Amino acid sequence: MPAPQVLGAQPQQIDVNGNEFRVIYRPGKSSQPPLLLLNGFGCSAEIFQPLVDKLDPNLGLICLDPPGIG
């Protein structure tokens, strides 16, 4: 069963030098560059949901959840 969507996209796990990162990538349909979202200590990507709900749905998003944070 796939993980639930976060910020309108399917989260993916990537490995960087043995550290697992959760990455949420939502491709955009706009000519604008994607918006990079970085959460702070004690938060996860879900903290951005109220903001994302107000953004143009055509805007691309990249959100990183570093280890030990998200």
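The values are calculated or read from the model by the stated rules, or taken from the named source; none is laboratory data. What you see is a predicted model, and the numbers here were worked out from it, not measured in a lab. Note that each Cβ is placed from the backbone with ideal geometry, even for glycine, and that neighbours are counted across all protein chains shown. Accessible surface is based on the protein model in full, side chains and every heavy atom, while ligands, DNA and RNA are left aside. Shrake-Rupley method; radii C 1.70, N 1.55, O 1.52, S 1.80 Å.
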Of Gly60, Gly28, Gly18, the one that fluctuates the most in a GNM where the chain has Cα springs shorter than 10 Å | Gly18
Approximate spin-label separation Asn19-Gln32, in nm, with each point projected 7 Å along Cα-to-Cβ = 2.9 nm
Charged-residue dipole, Cβ positions (Lys, Arg, Asp, Glu), the chain about Cα centre, Debye nearest 20 | 180 debye
accessible surface per residue for the chain, probe 1.4 Å, DNA/RNA/ligands not counted, whole Å² -> 68 Å²
Roll a 1.4 angstrom probe over the protein heavy atoms and tell me the percent of accessible area of the chain that is carbon or sulfur.
-> 59 percent
How much accessible area does Glu20 have with a 1.4 Å probe, in Å² rounded to the nearest 10?
-> 90 Å²
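Need one number: the % of Cα-Cα pairs in the stretch 1-51 sitting beyond the 14 Å mark.
Working: 777 of 1275 pairs.
For the stretch 1-51, the fraction of Cα-Cα distances above 14 Å is 61 percent.
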DSSP bridge orientation in the chain - percent antiparallel, rounded to nearest 5 = 75 percent
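For Ile24, Ile47, Ile14, write out the residues from largest to smallest accessible area, computed with a 1.4 angstrom probe and no ligands counted.
Values: Ile24 5, Ile47 100, Ile14 70 Å².
Most to least solvent-accessible, the answer reads Ile47, Ile14, Ile24.
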Which residue, Pro34, Pro50, Pro11, tops the fluctuation ranking in a GNM of the chain built on C-alpha contacts under 10 Å?
-> Pro50
